[in-house]
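Peer 1: Structure in structure tokens, see below.
No lab work stands behind these numbers, since they all come straight from the coordinates. Quantities reported herein were computed from a predicted structural model and do not represent experimental measurements. Positions of Cβ are generated from backbone atoms using ideal geometry, with glycine treated the same way; all protein chains shown enter the neighbour counts.
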Amino acid sequence: MKLKDITKEELEVMGYDDIAYLILEESKKKMKITDLFKKVCSLRGLSDAEYEAHIADFFEILTTDKKFIMLEDGYWDLRTRHSEKLVIEEDDDEYEDIPEEEDDTEEEPEEENFYDEDSDDDTPDDDLKDFVVIDEDEEN
């Protein structure tokens, strides 16, 4: 959709973000927010007083809408024209100055079984009290 093909009535019902998107798309260049909003106001027929009253709202709209991206020096553009560069800085030098701690303590070997030496239960387990051993020779 081209801006020149849009009627005045259609522009009046369009949001600031939609008009700004079309302006940036057709111009194919980044713009300062003030210049961009002046074009939006011009297309909608808004006065200078309305421009001043709504510029903050326009800024909020652009910052929350994922279609737009704020660039350096106050310029705005469409996010689709800019690839995001992920920069991972590795500070290997950061840890070089820290001496490693030497551990002089001997580690005790881990026991495979845990026996509670402080157990108050001195009675033997009765798990096998009903267990009967039958000798093969006695069976016959």
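Peer 1: Between His54 and Glu90, what length in nm is gained on full extension when 0.36 nm per residue of separation is reduced by their alpha carbon distance?
Peer 2: The span from His54 to Glu90 would gain 8.6 nm if fully extended.
Peer 1: Between Leu78 and Glu10, what is the FRET efficiency for a Förster distance of 25 Å, r being their Cβ-Cβ separation, to the nearest 0.05?
Peer 2: Efficiency, from the Cβ-Cβ distance: 0.75.
Peer 1: Quick check on the stretch 1-84: take the gyration tensor over C-alpha atoms, sort the square-rooted eigenvalues as a ≥ b ≥ c, and tell me if it's rounded (a/c under 1.5), prolate or oblate.
Peer 2: Oblate, because a/c is 1.5 or more while a/b does not exceed b/c.
Peer 1: Can you list which of the trypsin sites (Lys or Arg not before Pro) found in the stretch 1-52 are DSSP loop residues with at most 10 other C-beta atoms within 10 Å?
Peer 2: Lys2, Lys28, Lys29
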